[in-house]
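First comes the structure, then the notes that go with it.
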Amino acid sequence: MYRQKSFDSESPTLYLVATPIGNLKEMTPRAIEIMQQVEYIAAEDTRNTIKLLNHFEIKAKLVSHHEHNLRQSIPHLIHLMEEGNDLVLVSDAGYPAISDPGYELVQEAIRHQLNVVPISGANACLDALVVSGIAPQPFTFFGFLDHQDRLKRRQLEKYRYHQETMVFYESPYRIEKTLKMMLEIWGDREMALCRELTKRHEEIIRGRVSEILTIAGELKGEMVIVISGSQEEAKTEEEEYTLSVAEQVEAYIQSGMSSRDAIKQVSQERHLKKNEVYQTYLNERKEKE
């Protein structure tokens with residue numbers, strides 16, 4: 001156990017500073033003061049952060065820290081702190097470590113018994129949640145769904161019976177496909193789609209998934225999905241499937257699918273490997289012969 005006394009310690013401090021998500025006025029006086037005091041600022045994208053520093057006349061040295069250089073940057077940043085330097089960590093927008101780099105550095109700083117202190121500010125997840133009109137408590141934040149359709153579908157199947165309000169980040173390039181999958185797997189739930197939060201073109205669209213899907217293709221900007229949880233209890237495998245694996249494969253074949261496509265479909269629905277479905281299908285057929 002290690003007890004951190006944030007305001008009563010001489011240990012170097014890693015400050016996790018939330019930066020504006022759209023409006024520069026979201027930068028708090030405390031955040032500006034801390035960033036003006038430290039010698040080094042670790043940033044996800046130094047090209048983006050330098051604009052923020054110039055605007056607030058912050059002279060600290062920038063150090064690159066992103067998902068592709070963690071192995072090199074973390075030891076370097078810990079070394080700077082062990083030399084007695086306080087350090088600020090920022091992401092491009094919002095809180096570091098929330099759908100952005102930072103978690104690994106925080107872990108390492110804690111392991112070295114260095115102070116880790118949050119500097120409050122903007123957060124797109126909470127902004128969207130409180131304006132959504134959907135029950136804010138309890139809720140679960142998932143960040144971004146996987147970019148690959150196959151893995152995204154698997155994630156949505158996993159969260160199908162999740163009963164808490166859910167919050168996701170999504171890009172405008174994938175929003176239409178994501179909402180189609182949600183409608184297919186989860187049904188037509190109440191949701192809010194929040195885009196360009198705190199910027200001039202901020203928009204909150206409230207309605208059902210099917211309604212918002214009709215305009216999703218024309219929307220631009222970074223987006224937050226807030227969607228109501230399931231009203232159903234999770235079903236056991238016995239309740240979910242009245243047919244055995246082999247019977248389900250056979251039913252798809254009878255409907256006109258090839259055996260290969262039927263096996264693939266059953267493997268996706270039951271989250272099984274295709275060779276497992278194939279072997280189960282063969283074994284059950286042999287038992288009946």
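What follows draws every value from the coordinates through simple rules; no lab data is involved. Predicted model only: the values in this text are computed from it and were never measured. With ideal geometry, Cβ positions are generated from the backbone for all residues, glycine too; neighbour counts draw on all protein chains shown.
Overview of values
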read-out	value
Test: residue in the range 70-84 that is under 30 Å from Ile227 (Cα atoms) and either without any contact (Cβ under 8 Å) to a residue 60 or more places away in the chain or buried (at least 17 other Cβ atoms within 10 Å of the Cβ) (or both)	no
Search result, residues across the range 141-167 that are touching a strand residue (DSSP E or B) at 6+ places or on another chain (Cβ under 7 Å) and over 12 Å from Lys177 (Cα atoms)	Phe141, Phe142, Gly143, Phe144, Tyr159, His162, Glu164, Thr165, Met166, Val167
Residues being out of contact with any Asp or Glu (no Cβ under 9 Å at 6 or more places or on another chain), surrounded by 15 or more Cβ atoms within 10 Å (Cβ to Cβ) and not charged (D, E, K, R) - total across the range 100-116	4
Sole exception among (1) surrounded by 14 or more Cβ atoms within 10 Å (Cβ to Cβ); (2) under 18 Å from Ser6 (Cβ atoms) for Asp92, by number	(2)
Residue in the range 27-42 that is surrounded by fewer than 19 Cβ atoms within 10 Å (Cβ to Cβ), of a type in the set (A, V, I, L, M, F, W, C) and in contact (Cβ under 8 Å) with a residue 60 or more places away in the chain present	no
Total residues in the range 205-224, condition buried (at least 17 other Cβ atoms within 10 Å of the Cβ) and part of a strand (DSSP E or B)	2
Residue count, the range 164-173 (criterion: more than 14 Å from the chain's Cα centre (by Cα), surrounded by 14 or more Cβ atoms within 10 Å (Cβ to Cβ) and free of Cβ contacts under 8 Å to residues at least 60 places away in the same chain)	1
